[in-house]
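A.B. asks: Take this structure, written in structure tokens, and hold onto it; I'll ask about it next.
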Amino acid sequence: MKALCIALAANLALALNGQTNGPAAGPAGATNAPPRVRPPTEIFSDSSEFNLKSRSAVYIGHVRVLDSQMKLNCEILTASVPPSGGKIDSIIAEHSVVIDAADEQGHPIHATSDRAVYTYKIEGGVTNEMITLTGNPQVRSQFVSGTGDKIVWNRASNSIRVDNQHMIIQQDVQSSVTNAAGPARKPEPK
Amino acid sequence: MRNKRQLWPILCGTLATLAINATAQPAADSEGLLNFKAALENHPAPYETQIKTLLEGDKAFLQSGGLIVLTGAKVRTFGTNGAAEMIALAPHCIFDSGGRMVSSTGFLQVQSADGKFLLEGEGFTLGQTNALLILSNRVHTVVRFAPGTVTQP
């Protein structure tokens with residue numbers, strides 16, 4: 001009966017971070033150093049509910065997900081597994097969502113929103129794995145800060161789409177440029 | 001405290017009503033019953049003879065209303081081949097045989113047989129009818145990955 005709990009939690013950890021089975025592709029000329037074994041993922045919360053009929057898990061209150069690749073804080077985290085089983089297809093993080101991760105170069109990425117929804121689908125042989133931030137979503141990295149109505153991170157293509165965006169490209173500490181559809185700073189008259 | 005011989009028919013009657021197959025041995029200290037075991041659920045056909053969920057306790061104390069207080073409680077689940085899948089440990093809990101529910105204000109630890117998954121917290125309710133496991137306080141989940149799973153470079 002509780003096997004589903006195991007599946008839910010295992011899938012939750014994998015889904016939050018992306019599954020990286022098999023040897024990691026190292027950079028060209030890399031040494032034959034043994035691959036790092038992935039550290040465990042930990043989830044803390046005040047309470048939790050595992051509904052074995054609806055195949056869902058809900059973590060409630062001061063939820064913290066600690067992983068080697070990402071940290072996530074929120075107040076409610078809901079995960080569900082499709083009736084057919086397999087990989088988790090939906091994770092919803094709600095209320096004061098804070099995500100700290102790193103890009104491919106290891107630069108920190110900090111994202112906040114009221115709600116973050118992870119979805120996983122395979123349609124026509126194509127994997128769709130998306131994280132959608134809504135509710136005053138904001139993303140900040142070393143070079144780019146952005147807000148918008150909705151920020152969609154396509155994990156399969158590792159691309160980010162921002163609806164009604166207001167991006168700020170930080171060229172250096174002293175200057176910044178406002179981009180796209182958001183309210184732009186007027187250029188200085190020449 | 002009731003005599004052990006008086007408790008046995010009550011225990012067996014209660015559990016038989018629920019179609020639960022329970023066994024226990026008289027305690028050496030006349031307080032409760034030793035090595036309590038109750039098969040809560042079997043696998044569906046064609047594996048109906050295989051136990052799916054087994055509730056055990058080092059000691060069982062029968063209470064009124066179909067309640068059984070267990071110390072050193074374990075809930076173990078098994079696959080259709082009899083292999084252990086999961087074990088839940090609670091130092092102290094109450095088994096409501098009528099409501100088919102196990103609960104406690106104390107500590108619960110759930111661990112998969114392969115050691116990849118650990119769930120623990122304080123205060124829990126496991127309802128067999130509604131299939132709902134609620135952990136009330138200080139929930140901590142650990143997911144360990146298979147040796148072949150590596151971190152991204």
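No lab work stands behind these numbers, since they all come straight from the coordinates. It should be emphasised that the depicted structure is a prediction, and the values quoted were computed from it without experimental measurement. FYI the Cβ positions are ideal-geometry reconstructions off the backbone, even for glycines, and counts take in every protein chain you see.
A.B. asks: Of the listed pairs B:52/B:116; A:121/B:74; A:71/B:37, which have alpha-carbon separations greater than 30 Å here? The partial results should precede the final answer.
C.D. replies: Values: B:52/B:116 20 Å; A:121/B:74 37 Å; A:71/B:37 42 Å.
Over 30 Å Cα-Cα: A:121/B:74; A:71/B:37.
A.B. asks: How many partner chain Cβ atoms sit within 10 Å of a residue's Cβ in peptide A:44-56, on average, as a whole number? The partial results should precede the final answer.
C.D. replies: Numbers: counts 5, 7, 6, 10, 11, 7, 8, 5, 7, 4, 2, 1, 0.
Mean inter-chain Cβ contacts per residue within 10 Å come to 6.
A.B. asks: Just grab the label-to-label distance for residue B:71 and residue A:54, each label 7 Å out from Cα along the Cβ direction, in nm (one decimal).
C.D. replies: Distance between label points: 3.9 nm.
A.B. asks: Given a Förster radius of 35 Å and the C-beta distance between residue A:122 and residue B:122 as r, what FRET efficiency does 1/(1 + (r/R0)^6) yield to the nearest 0.05?
C.D. replies: On the way: r = 39 Å, r/R0 = 1.11.
The value I calculate is 0.35.
A.B. asks: Sequence neighbours fewer than 8 away in the same chain don't count; with that in mind, list the aspartates and glutamates whose C-alpha is under 19 Å from residue A:150.
C.D. replies: Filter leaves A:94, A:100, A:114, A:129, A:163.
A.B. asks: Suppose each label sits 7 Å from its Cα in the direction of the beta carbon; what would the residue A:157-residue A:42 distance come out to in nanometres?
C.D. replies: 3.8
A.B. asks: Hey, got the average number of other protein chain Cβ atoms within 10 angstrom for residues in B:112-121? Kindly include the intermediate steps, with their values, before the conclusion.
C.D. replies: Details: counts 7, 1, 1, 0, 5, 10, 4, 9, 0, 5.
That works out to 4 on average.
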